[in-house]
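The values are calculated or read from the model by the stated rules, or taken from the named source; none is laboratory data. What you are looking at is a predicted structure, and each value in this text was computed from that prediction instead of being measured. No Cβ is skipped: glycine too gets one built from the backbone with ideal geometry, and neighbour counts run over all protein chains shown. Calculation scope for accessible area: heavy atoms of the full protein, side chains included, ligands and nucleic acids excluded. Shrake-Rupley method; radii C 1.70, N 1.55, O 1.52, S 1.80 Å.
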Amino acid sequence: MRQSKPPLVPLSICIICFFLSMSILLHIEISSGQNGDVNLLSMSSDWQLRRPPRLTSISTKRQEKVRQEYEQRYPPDMNRTRSFVKSLRSHNPKPVQDEEIHYDINDCPPDPPIQYPATWRVVDVLNNWNPINESVPLQIYQGLCVFDYTRDLGKALRYRQAEVPFILVNAPEIWQTAERWNRDDYLSRLIGNDGDNKVEHSTNHHFMYWKTRPHQRTPARWKEPTEMTKLSFQDWLEKATSSNPHDWYYFRFNAIWKDTHTFMYEELPIFKPIPSFFMVEPSKQRGINCRFGMTGVLAEAHYDSSRNWITVLKGSRRYILAHPRECRHLELYPMEHPSGRHASVDWTNFSVQEHPLFASAQVNEVLLQAGDALYLPTHW
């Protein structure tokens, strides 16, 4: 969700997101261009993919060893993987059923219906579930279609070609990664204990993006909303699992093809820059952005100008989405602001009288859990 006036750059969906439990999230920025053609990968009933030719391994020796030891202990077994990942998915809210939605999100038509996705007043969505509340309600305002990779890939392709958002479940390699990252100490060993990782620190739940540039004038009395520090993954994990945190930390690293943290392309080979269902324009793939959030972390509403696959590998994360046409209602900071293209309204505590424009916005929401992938297009 977004800003006070429409930005002058191409838009993707306006989104705001909240961590409901300690979560591992990947943003895969796949391109910023127009839609491209793709050949679907073939599947068999046992979820095995016919992969494209494997490129030379680019993982480090240590990370290769961690993976080999894991595979010796847990040989490939999709029945085991299915069972394990399902055990990680603890929430099952029902979609609100009213006159605003005229399709079944779990059995969507072959092509996006008119006025897809369904939307509701932001006031109703937030009154039903305040972002500061970590308890999942019985019903949520979900308008996005859910496609099962094993049976709905044709539908998903048509929605992706139409450049509309949707959720993909049961993608084998995503579920295999989710299993690995939740088994034993695999993830800690994979990432290592280097203390030179960027970590964002906040004294409250809010993590407002900001960036200052040389010679940029900042608003009067403006203060940096968060601070950057460095921690090892293990140090962050100890803070993230604290039973009574007074500070919040957001651990992250970015993987760049054949450059930085390249082991991520072995962990999720579907995001290698090779033509596939997931890679619309492989040459414009911009990396895998890994995000590790504590329970209660809130990332302020904003838009991105690139396509994204958002994949949750642990925990759960709520997204509130709005069509780009709603950006004019969302009171976003102007581009020249350090937090440009991000919402100026506190979604956890706002007054309809003070923000009538914001209160008129139309949105929908999704709750992503381990193994889910959310496609967010750009140029809406």
Surrounded by fewer than 19 Cβ atoms within 10 Å (Cβ to Cβ), touching a residue at least 24 places away in the same chain (Cβ under 8 Å) and either in contact with a Cys (Cβ under 9 Å, 6 or more places away or on another chain) or on the phi > 0 side of the Ramachandran plot (or both): does that describe Glu163? yes
Across (1) out of contact with any strand residue (DSSP E or B) (no Cβ under 7 Å at 6 or more places or on another chain); (2) over 18 Å from Tyr333 (Cβ atoms); (3) polar (S, T, N, Q), Thr212 clears everything bar (2)
Asn197 vs (1) of a type in the set (S, T, N, Q); (2) touching a strand residue (DSSP E or B) at 6+ places or on another chain (Cβ under 7 Å); (3) modelled with pLDDT of 90 or more: all pass except (3)
What are the residues in the stretch 119-160 that are open to solvent by less than 40 Å² (accessible area, probe 1.4 Å) and among the small types (Gly, Ala, Ser), if any? Gly143, Gly154, Ala156
Restricting attention to the stretch 301-339, which residues are assigned to a strand (DSSP E or B) and either open to solvent by 10 Å² or more (accessible area, probe 1.4 Å) or under 23 Å from Tyr186 (Cβ atoms) (or both)? His302, Trp309, Ile310, Thr311, Val312, Leu313, Lys314, Ser316, Arg317
What number of residues within the stretch 283-295 are outside any strand (DSSP E or B), open to solvent by 10 Å² or more (accessible area, probe 1.4 Å) and not charged (D, E, K, R)? 3
Members of the stretch 77-122 found to be polar (S, T, N, Q) and not in a helix (DSSP H, G or I), listed by number: Ser90, Asn92, Gln97, Asn106, Gln115, Thr119
Identity of the residue in the stretch 235-256, in contact (Cβ under 8 Å) with a residue 40 or more places away in the chain and touching a His at 6+ places or on another chain (Cβ under 7 Å), that ends up nearest to Pro269 (Cα to Cα): Phe253
Residues of the stretch 59-96 satisfying the condition of being in contact (Cβ under 8 Å) with a residue 12 or more places away in the chain and within 30 Å of Ser135 (Cβ to Cβ): Thr81, Arg82, Phe84, Val85, Leu88, Arg89, Ser90, His91, Pro93, Lys94, Pro95, Val96
Provide a single number: the residues in the stretch 96-118 that are open to solvent by 30 Å² or more (accessible area, probe 1.4 Å) and within 17 Å of Asn364 (Cα to Cα). 10
Gln216 fails exactly one of (1) within 18 Å of the chain's Cα centre (by Cα); (2) at pLDDT below 95, namely (1)
Please find, within the stretch 131-148, the residue that is nearest to the chain's Cα centre (by Cα) out of those that are modelled with pLDDT of 95 or more and among the polar types (S, T, N, Q). Gln142
Inter-residue pairs, beta-carbon under 7 Å, first more than 16 Å from Asp98 (Cβ to Cβ) and in the stretch 133-148, second open to solvent by 40 Å² or more (accessible area, probe 1.4 Å) and among the β-branched types (Val, Ile, Thr), 6+ apart: Glu134/Thr295
